[in-house]
Amino acid sequence: MPELELALRDLGGSLDWPGQPELEQNVLRRIREAPASRRLVSRRAIVIALAVLAVAVGALFAVPQTRGAILEFFHLRGVTIQRVEELPTVPVQTGLGTFLGDQVTLEQARRQADFDVVVPGALGEPDEVYFQAGPPAGSMVSFIYGTSDDPRALFTQFAGRVDEIIFKKVAPDTKVEAVTVDGQPGYWLEGAHFFSYLDRHGDIQSEQVRLVGNVLLWERGTRTLRLEADISKEEALRIAASAD
Amino acid sequence: MEGRPLEETELVERAKQGDEAAYGDLVQAYQGIAFRTAYLIAGSAADAEDAAQEGFVKAWSALHRFRTGSPFRPWILQIVANEARNRRRAAGRRAHLTLRTVAATPSGEAAPSPEATAIGAEQREELLAAVNELREEYRLVIACRYFLELSEEETAAALGWRRGTVKSRLSRALGRLRERMGEESYA
């Protein structure tokens, strides 16, 4: 090594650095102090949690290729959840994009939907209502609490006319727990997630959306309901039971 | 001087699974180099401590993006250095950090001589003064490569430059130092 570089290294050894702070305890304290759900979201993050929600035409065959082996399946009416080894990596976009369809009033949604629209009493009247008439999936109504750019909760209901309307992938360590709501089957999915979807023309939209938190999916008559929020399982079940 | 723990890959893997103790070990292993890197960039010890702490907290949240098996050090340095730059910007600090030597003593007194140094104390002070006078980017690249002994890759990660930029700036910075120190000293 040339002399100058040796001299610089030597100089580096005799520099007066400020005292080294002990960071470990503070870092660990801050990690532990993070609210449990946030921690889950951030730690498991987003990419590993839940992935693909595809709505509409022949969803099962039209969704992007699964990477890695499929480890497990869970079924609900209109919903397939696959546990896979590796999730697709997706770019993030805030807000809910065009997945929800058109913004309407609650009354318009009630008129247009081909099922009885329920409102989760525990959440009250939604801040925004969206309607999507996506054949062959049947219609879909979504309620947003908060705003579509910054949703606090998303509640979706749709008629499960075909087997596969919603298609999800979850990572090996995402929690998927069978639950019952009013005696009907459902699943509790813990972890943040992304979804992509097929639009009403059957095209896969590449926009991937980061949502707010954990998901409860359950059947109710001929419909499938879906609640997503940064809440505990108990809270989600309480809200689900209040849907009427 | 911190080494790269042999079990680093395993610690990272365990931390990814949520093992806080394993992450604590990683913090222990890299807090020194992270703090000093932040100090060079932020220009104050308080901001550097802040940046390093924040960087480690954020890195924990971002661990899922870390590719298992790749070296952890450049990754954490990049995150901490970003935090440090943000703090420096927020503080609107213009004047750059002036590095000093431990041995810097009032004139006339003999500096305690560390074991087997390559250059004399006086020459060392002269060289440091020349480094301190360099423009920011040259000073930073010299400090990262020689004072912190970061690799080229780590320097690029910490400074947010491409490796080619690290190379070319380093070469220019050395050239500038040679000019200042006089060609005959460091040919």
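The values are calculated or read from the model by the stated rules, or taken from the named source; none is laboratory data. Nothing here was measured: the structure is a model prediction, and the numbers come from that model. So basically every Cβ, Gly included, is an ideal-geometry build from the backbone, and we count neighbours across all protein chains shown.
Here are the numbers:
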item	result
Residue that is at the interface with another protein chain (Cβ under 8 Å from one of its Cβ atoms) and either in a helix (DSSP H, G or I) or at pLDDT 95 or above (or both), where the choices are B:141, B:131, B:166	B:131
Single residue of B:153, B:149, B:126 found to be touching a helix residue (DSSP H, G or I) at 6+ places or on another chain (Cβ under 9 Å), in contact (Cβ under 8 Å) with a residue 60 or more places away in the chain and surrounded by fewer than 20 Cβ atoms within 10 Å (Cβ to Cβ)	B:153
Residue that is surrounded by the most Cβ atoms within 10 Å (Cβ to Cβ) [pool: residues in region A:215-240 that are β-branched (Val, Ile, Thr) and in a loop (DSSP other than H, G, I, E, B)]	A:231
Leading residue by the ranking (surrounded by the fewest Cβ atoms within 10 Å (Cβ to Cβ)) among those in region A:2-19 that are in a loop (DSSP other than H, G, I, E, B) and in contact with a Lys or Arg (Cβ under 8 Å, 6 or more places away or on another chain)	A:16
